[in-house]
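The values are calculated or read from the model by the stated rules, or taken from the named source; none is laboratory data. In this text the structure is predicted, and so the values were computed from the model without any measurement. All Cβ positions, even for glycine, are placed from backbone atoms using ideal geometry, and neighbour counts span all protein chains on display. In case anyone asks, the SASA skips ligands and DNA or RNA and just uses the protein heavy atoms, side chains included. Shrake-Rupley method; radii C 1.70, N 1.55, O 1.52, S 1.80 Å.
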Amino acid sequence: MMEHRYIKQCGQGMTEYIVIVALIAVAGIAAFQFFGQTIRSQTAGIASEVAGKSAAASVTEAQSRADDVLTEGKKKKGLDNYKNDNSR
């Protein structure tokens, strides 16, 4: 009887852990979608610098995308006018 209770509690702990990990993953995906273009531009700049090339174009692109994110973040959106525009 005692072993059955222990197994049940371990299963509950594992389930809670999986739920927490899933929530963190969803939050990470949402953050990456919001800042994705900026991160990709910065990563391209780093890759260019490592390869010995100028990253000026990538840095400018990253700054432009960061400005886009700032503009998008300042917009007031409600359920009546919310639009998920992923065309950029």
Is region 71-82 home to any residue that is at pLDDT 80 or above, surrounded by 10 or more Cβ atoms within 10 Å (Cβ to Cβ) and not in a loop (DSSP other than H, G, I, E, B)? no
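For (1) open to solvent by 50 Å² or more (accessible area, probe 1.4 Å); (2) among the small types (Gly, Ala, Ser), each residue gets a yes or a no:
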| residue | (1), (2) |
| --- | --- |
| 23 | yes, no |
| 43 | yes, no |
| 47 | yes, yes |
| 51 | yes, yes |
| 58 | no, yes |
| 65 | yes, no |
